[in-house]
Amino acid sequence: MFGSFPRLRGALLLLAMSGSGQVLAHAHLKDQYPAANASVPASPQALTLTFSEEIEPAFSGVTVSRSDDRPVATGKAQRDAAMRNQLIVPLSQPLPAGDYRVEWHVLSVDGHKTQGDYRFSVK
Ligand SMILES: [Cu+2]
């Protein structure tokens, strides 16, 4: 449809690339286990956070705390060996029943920092 307007087509393409490219480049939390706001029947062995982009593990981290703000001891967050957009947080000990808050910060491979938090509970 833009065949007779090559200049317009080029401009639209450029607009589309510059618009979505930057948004896609940031690492946003796409998926997590346990899921945000989920209530799981038992403690998971690890938390898994999956991002929209590959991340730099050396500049990324996750802290877990109880509803009364006491920190939960976890292993160091590691990037999955195969999935470079996934952080795995091993739990040193099973989580007792209760509410938990997960705070994360990551550096994506394009050098942008993002952060956020979510909650889940163990029944
Ligand atoms: Cu970015």
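The values are calculated or read from the model by the stated rules, or taken from the named source; none is laboratory data. Computed from a predicted model, the values in this text were never measured in an experiment. Ideal geometry is used to build each Cβ from the backbone, glycine not excepted, and the neighbour counts take in all protein chains shown. Side chains are part of the model used for accessible areas, which takes the heavy atoms of the whole protein and leaves out ligands, DNA and RNA. Shrake-Rupley method; radii C 1.70, N 1.55, O 1.52, S 1.80 Å.
Of (1) in contact with a Phe, Trp or Tyr (Cβ under 9 Å, 6 or more places away or on another chain); (2) at pLDDT 95 or above; (3) surrounded by 13 or more Cβ atoms within 10 Å (Cβ to Cβ), ARG9 satisfies all except one. Which?
Failed condition: (2).
Which of (1) of a type in the set (A, V, I, L, M); (2) modelled with pLDDT of 95 or more; (3) closer than 16 Å to HIS105 by Cα does ALA25 not meet, given it meets every other one?
Here ALA25 meets the rest and fails (2).
Return yes when HIS105 is touching a helix residue (DSSP H, G or I) at 6+ places or on another chain (Cβ under 7 Å) and either within 22 Å of HIS26 (Cβ to Cβ) or within 16 Å of the ligand (Cβ to nearest atom) (or both) and no when it is not.
Working: touching a helix residue (DSSP H, G or I) at 6+ places or on another chain (Cβ under 7 Å): no; either within 22 Å of HIS26 (Cβ to Cβ) or within 16 Å of the ligand (Cβ to nearest atom) (or both): yes.
Spelling it out, it is not the case that HIS105 is touching a helix residue (DSSP H, G or I) at 6+ places or on another chain (Cβ under 7 Å) and either within 22 Å of HIS26 (Cβ to Cβ) or within 16 Å of the ligand (Cβ to nearest atom) (or both).
Hey, does the range 38-57 have a residue that's within 16 Å of the ligand (Cβ to nearest atom), modelled with pLDDT of 95 or more, assigned to a loop (DSSP other than H, G, I, E, B) and polar (S, T, N, Q)? Talk me through it step by step, then tell me what you get.
Looking only at the range 38-57, we keep the residues that are within 16 Å of the ligand (Cβ to nearest atom), and these are 51-56.
Next, from what is left, pick out any that are modelled with pLDDT of 95 or more: 51-56.
Now restrict to residues that are assigned to a loop (DSSP other than H, G, I, E, B): 52-54, 56.
So of that shortlist, the ones also polar (S, T, N, Q) come out as 52.
Yes, there is a match, as at least one residue in the range 38-57 is within 16 Å of the ligand (Cβ to nearest atom), modelled with pLDDT of 95 or more, assigned to a loop (DSSP other than H, G, I, E, B) and polar (S, T, N, Q).
For the range 109-118, give me each residue that is closer than 22 Å to VAL64 by Cβ and near the ligand (Cβ under 10 Å from one of its atoms).
LYS113, THR114
In the range 67-123, which residues are in a loop (DSSP other than H, G, I, E, B), open to solvent by less than 20 Å² (accessible area, probe 1.4 Å) and under 18 Å from GLU56 (Cβ atoms)?
ALA77
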